[in-house]
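S.K.: Mind looking over this structure? Questions follow.
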Amino acid sequence: MLQSLFWSEISAAICLLSILLVPLAVAGLALTNNGLGKTRSAAHAMLASMCVVAVAALVYIAIGFSWEGFAGRSAHVAIIGGKPWDWIAAQPFFLRGLELNNSPASLAALLQMFTVGIAAMIPLGAVADRWRLGAICASTAVMSGWTYPLFAHWVWGGGWLSQLGAIYGLGHGFIDTGGAGTIHAVGGLTALAVVWIIGPRSGKYSDDGMPAGIPGHNLVHVVFGCILAWVGWIGLNNAGAMLFGGTPPAGLVLVGINTTLCAAGSALVAVIVTKIRFGRPDASISANGWMGGLVASSAATALISPAVAIMIGLVTGILVALSVECLEMYLRLDDPGGAVPSHAVAGLWGLLAAGIFASIRTGGAPGQWLAQLIGIATLIGFVLPMTYGLNWVLNRLIPYRVDSGGERQGMDLHELGAGAYPEFMVHSDDFIQR
Amino acid sequence: MKPIGFLLLLAGWFLTLAALEMLSAVTPRSIFVLAGVAIEILGLALVFRANLQTEAKD
């Protein structure tokens, strides 16, 4: 598909400008995670975000890109049943051999130096207030050096999922132009794995299993983070559509419109659902709805119509709002940042919706839904056990969870020796039961 | 129970891959892929259940 793209200097410049918006998505996600955590861990959350971005960028450029590669470059291919299965790229470490100019491969490396940070930052929100900084950096290194590049190669690097159309006749192969699966579902499923390993915050569940409502400490940060993320997401979806979907610059208007409509529909539905469920709109769940809409939009923004984008957003809002409640109430998953609903659940739904609706838009591609389903099955059946296993081993080597004294004291004082808000040091353990 | 859940996740994924490689007709291939996803959902349910029991003990 990339060969058919008219890759002029103007296309490269527009793609580069879009990529340079992506750090705003990183900043937005960091602010949202920060606001949804406790006061006494606010500085730790922001420092952890910065460390995650730093470790992710270093490790990805050092080794990650060599496993991921880019479509058309050298890779390890196994022949199974007479058909080629492209499993992993075979590129030199430290981007050696890659011309760092305006070529699509170099732009893809730049884009993913940022997006791997987004993927690694997603678990931070889920395990806020109890995950040690050293362990966060180790987990980030594993994700950006192995988990993310491996799946990204299968989808964006010419791997077997992207070849499902050419080899097995399944539509256009697995579609994920903006990273709903590659970035967000991988990050969200890693968040799920790490929450399983670390467990809930102290005081979250009573003896009879009822969850205590522990509100986020700064909802202004949360909502401002969502708005900042929106700008970054438009850049992300634009760049992804150009690099991995072959969308020409003229198609980017639709990408911007669909990204916004999907997020808007999802956030408004989350407001309505929480109003119906709790009597008043819940700001944090509504923000998760906005974030979930952005995530779901990433699967195929350039391939769906605006009406379909709204419909995908509406369903995302319902899914996110209900899954927040379901995970917290019935499955005892303490995820203060809403990472699992807004990244894993919304990402998987976005991928499925792309299979159902993108094929209609592109003139009917038989088997597209099956290609999407195989991609989703790979995320749940392979990526989740792998990321759980890797983090389980890491937890044995570098204990993830802070001790109970440190958790009570707060991550700021315990790990950094200073709080984020020294003038307003208020610690309340008297959480109101929801 | 948790290891069995993870094994079911992997088994479901292998079933989808086997369906892709061994079946060429659309209907049987689709049915086997859906069966693989169903097995994964069962595995996910087992892991969640095992996690619930661990949390209840703690």
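The values are calculated or read from the model by the stated rules, or taken from the named source; none is laboratory data. These numbers come from a predicted model, not from an experiment. Every residue, glycine as well, gets a Cβ built from its backbone with ideal geometry; the counts of neighbours run over all protein chains shown.
S.K.: Quick one: which of A:220, A:231, A:273, A:255 is buried (at least 24 other Cβ atoms within 10 Å of the Cβ) and either under 20 Å from the mean Cα position of the chain (by Cα) or farther than 14 Å from residue A:301 by Cβ (or both)? Write out each step before concluding.
M.R.: Numbers: A:220 fails: buried (at least 24 other Cβ atoms within 10 Å of the Cβ); A:231 fails: buried (at least 24 other Cβ atoms within 10 Å of the Cβ); A:273 fails: buried (at least 24 other Cβ atoms within 10 Å of the Cβ).
One residue alone meets the criteria, A:255.
S.K.: Which residue pairs have Cβ atoms closer than 7 Å, lie 6 or more positions apart in sequence or on different chains, and pair a first residue in the range A:383-404 that is within 14 Å of chain B (Cβ to nearest Cβ) with a second residue that is buried (at least 17 other Cβ atoms within 10 Å of the Cβ) and basic (Lys, Arg)?
M.R.: What qualifies is A:401/A:130.
S.K.: Here's a follow-up. I'm trying to understand the selection: among the residues of the range A:167-202, which are away from chain B (no Cβ under 13 Å) and either part of a helix (DSSP H, G or I) or over 18 Å from the mean Cα position of the chain (by Cα) (or both)? Spell out how you get there, then give the answer.
M.R.: Taking the range A:167-202 as the starting set, the residues that turn out to be away from chain B (no Cβ under 13 Å) are A:172, A:175-188, A:190-191.
Across the range A:167-202, the qualifying residues are A:172, A:180, A:181, A:182, A:183, A:184, A:185, A:186, A:187, A:188, A:190, A:191.
S.K.: Another question about this same structure. Name the pairs whose Cβ atoms lie under 8 Å apart, with the first residue in the range A:72-96 and within 18 Å of residue A:147 (Cβ to Cβ) and without any contact (Cβ under 8 Å) to a residue 40 or more places away in the chain, the second among the hydrophobic types (A, V, I, L, M, F, W, C) and outside any loop (DSSP other than H, G, I, E, B), and 6 or more positions between them or separate chains?
M.R.: What qualifies is A:76/A:87; A:76/A:88; A:76/A:89; A:91/A:65; A:91/A:67; A:93/A:62; A:93/A:63.
S.K.: Any residue at all in the range A:125-134 that's in a strand (DSSP E or B) and out of contact with any Gly (no Cβ under 9 Å at 6 or more places or on another chain)?
M.R.: First pass over the range A:125-134, keeping only residues in a strand (DSSP E or B): A:131.
When the remaining residues are screened for being out of contact with any Gly (no Cβ under 9 Å at 6 or more places or on another chain), the result is A:131.
Yes.
S.K.: Taking only the range B:1-28 into account, find how many residues are in a helix (DSSP H, G or I), over 20 Å from residue A:379 (Cβ atoms) and at the interface with chain A (Cβ under 9 Å from one of its Cβ atoms).
M.R.: 2
S.K.: With respect to residue B:33, is the statement that it is crowded, with 16+ Cβ neighbours inside 10 Å, more than 19 Å from residue A:352 (Cα to Cα), facing another protein chain (nearest Cβ under 9 Å) and of a type in the set (Val, Ile, Thr) true? Before the answer, list the steps.
M.R.: Working: crowded, with 16+ Cβ neighbours inside 10 Å: yes; more than 19 Å from residue A:352 (Cα to Cα): no; facing another protein chain (nearest Cβ under 9 Å): yes; of a type in the set (Val, Ile, Thr): yes.
No: the conditions fail for residue B:33.
S.K.: Filter the range B:42-58 down to the residues that are farther than 13 Å from residue A:196 by Cβ and either more than 8 Å from chain A (Cβ to nearest Cβ) or among the hydroxyl-bearing types (Ser, Thr, Tyr) (or both) and list them by number. Step through it out loud before you land on a result.
M.R.: Going through the range B:42-58, the residues farther than 13 Å from residue A:196 by Cβ turn out to be B:42-43, B:45, B:56-57.
Hits for the range B:42-58 are B:42, B:45, B:57.
S.K.: Pick from A:348, A:379, A:331, A:373: which is within 12 Å of chain B (Cβ to nearest Cβ), surrounded by 18 or more Cβ atoms within 10 Å (Cβ to Cβ) and without any contact (Cβ under 8 Å) to a residue 24 or more places away in the chain?
M.R.: Working: A:348 fails: without any contact (Cβ under 8 Å) to a residue 24 or more places away in the chain; A:379 fails: without any contact (Cβ under 8 Å) to a residue 24 or more places away in the chain; A:331 fails: surrounded by 18 or more Cβ atoms within 10 Å (Cβ to Cβ).
Unique residue meeting the criteria: A:373.
S.K.: Can you tell me which of A:82, A:69, A:97 is on the phi > 0 side of the Ramachandran plot, away from chain B (no Cβ under 14 Å) and more than 26 Å from the chain's Cα centre (by Cα)?
M.R.: Numbers: A:82 fails: away from chain B (no Cβ under 14 Å); A:69 fails: more than 26 Å from the chain's Cα centre (by Cα).
Only one candidate qualifies: A:97.
S.K.: If the requirement is being crowded, with 18+ Cβ neighbours inside 10 Å, in a helix (DSSP H, G or I), at pLDDT below 95 and in contact with a helix residue (DSSP H, G or I) (Cβ under 7 Å, 6 or more places away or on another chain), which of these qualifies: A:49, A:41, A:18?
M.R.: A:41
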